[in-house]
Every structure is written in C-alpha cells, then in structure tokens.
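The values are calculated or read from the model by the stated rules, or taken from the named source; none is laboratory data. As the structure is a computational prediction, the values presented were derived from the model and not from experiment. In this analysis, Cβ positions are derived from the backbone assuming ideal geometry, glycine residues included, and neighbour counts consider all displayed protein chains.
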Amino acid sequence: MGSCPILQAFDGKGSPNQHIYYFKSQTGNVVDYDAILACLFIGTLKGVTFERFMKLPEDSIKNWGDLKKLFLTRFFEDDSEVTMPTLLATKQRKGESVKAFVERFRNMALRCLSGMTQATLVETCHHNLQTSLLTQIGVAESRTWKQLVQQGDQAEEIIVRVRAEENKPRPEKSTRHAPEVSFQSKRKDTLATETKSPAKPQPTRGGVLQVVSTPRGGVNRCTANLMY
C-alpha cells in the first residue's frame, strides 16, 4: 500500500498555476476521481483563500474542472507574465507596510523574465516606496530584500514617533491680568478725593475772592474785596 502524498498548502501568496501543477503532480497517480480531487484540493487552501471558497454559493462546483476554473479566475489576479514597465509602475499602496509591499513586489518580480539582477530589483522596489519613507531612509543603499525591509521598518517607526509628537497637546501660555477694581471701590476713591481736596479760590474781576469753610452742616461765608 502506497503512502499518502503530502500536499502543499496555499494561502494566496505565490502563483496559483504553480499550486495546481504541484497538486496534480502529487495526486495524479493516486487519485483519479473528481469528488476526491476537489475535497483534497480544498484541504490545501488556507487563510483568505479558504474564506473565499466558503463564500461560494452551494452547488457552484460540480467537478474538478469547475473548482480549477474558479480557483484561477475568481479567487486570484491574473497570473500572466510581468514585464519591466509593470514592475516600474508597481508602487506602495496607501496604508501598506514596507514588509507587505516588498513581498508583493518580489512575487511579481518572480514572474518577470527581463533578466534583471536582484540588486536592480531591490533598487527598483526601493524607489517605489512612498515619499515619506524615502525621505527618512535618505541615501542609504539597499542591496538585499532583508536590508530594504529593515530600513523601511526603521523609517516607519520614525514617522510614527514624529506624528505622535506632533499630535501631543501643547500647554497653554498663562496670561496674567491686572486685578479688576469694582465700581464701588472706584466710587469710594472718588468720594475720598473730593472730600480731601480743599476748595480752590476763584478770583474775580478786579478783586480778591476769599473763601472761608465752616464745619459740616454750616453755611459757607464768602467775602470779597472788590476794587473798581
């Protein structure tokens, strides 16, 4: 009795065509029945790919041919050859981490038959990062995928710290105001000034006006020596 084949799992990363090829090469000589092939193939799907399969309507898969077609057309993007202009136009998406972008770029580069060296591919991926990350990385060179991911992670940490510092609430500057004087206090000061101030004599034409103050409640007596 032959041993059971060890089937490779597929989580959506890599080439779907290659996964089908590996699956058929491992099961072709053992199983030749559509229902069993379909069940075995579904067992190799992991993560997002399995979740997408679970959302398919009932009776949408009749045989192995249906499952293979859905797997290649509905679940995944085109697996066609990637050209050099395609790689140059592949930019980091908004909200996409450096690690995720490098992995996506590498998977596309594997399907590019341009003959580019790894150093050239890493440099191209480097230039396709977001502008804010490139500013933080500066002129540092990346010769390997590992170096690029490390530099990108450090740049992301710096950006997070800078933004956190900018979003901190700023302490308000304290302004000292002169103590307010109430209307009653102002009125008392005015009355006190009026009481203390002596009456100023008013000179008259051609003579001298003498003012004599009497106690409170008395009558003021004014005498004037008029000269004509």
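Per-residue answers, yes or no, for (1) touching a His at 6+ places or on another chain (Cβ under 8 Å); (2) farther than 29 Å from Cys112 by Cα; (3) at pLDDT below 60:
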{"site": "Gln147", "(1), (2), (3)": "no, no, no"}
{"site": "Glu156", "(1), (2), (3)": "no, no, no"}
{"site": "Val160", "(1), (2), (3)": "no, yes, no"}
{"site": "Glu166", "(1), (2), (3)": "no, yes, no"}
{"site": "Arg170", "(1), (2), (3)": "no, yes, no"}
{"site": "His177", "(1), (2), (3)": "no, yes, yes"}
{"site": "Lys188", "(1), (2), (3)": "no, yes, yes"}
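All conditions but one from (1) modelled with pLDDT under 75; (2) among the basic types (Lys, Arg); (3) outside any loop (DSSP other than H, G, I, E, B) apply to Lys13; the one that does not is (3).
With respect to Gln202, is the statement that it is modelled with pLDDT under 90 and in contact with a Leu (Cβ under 6 Å, 6 or more places away or on another chain) true? Spell out the reasoning first.
Working: modelled with pLDDT under 90: yes; in contact with a Leu (Cβ under 6 Å, 6 or more places away or on another chain): yes.
Yes: the conditions hold for Gln202.
Pairs are defined by a Cβ separation below 6 Å, a sequence spacing of at least 6 or placement on different chains, a first member in region 83-112 that is touching a residue at least 24 places away in the same chain (Cβ under 8 Å) and in the same structural domain as Gln150 (by TED's automatic domain parsing), and a second member that is acidic (Asp, Glu) and not in a helix (DSSP H, G or I); the pairs so defined are Arg111/Glu81.
Scanning region 133-146 for residues that are surrounded by 13 or more Cβ atoms within 10 Å (Cβ to Cβ) and touching a residue at least 24 places away in the same chain (Cβ under 8 Å) turns up Leu133, Trp145.
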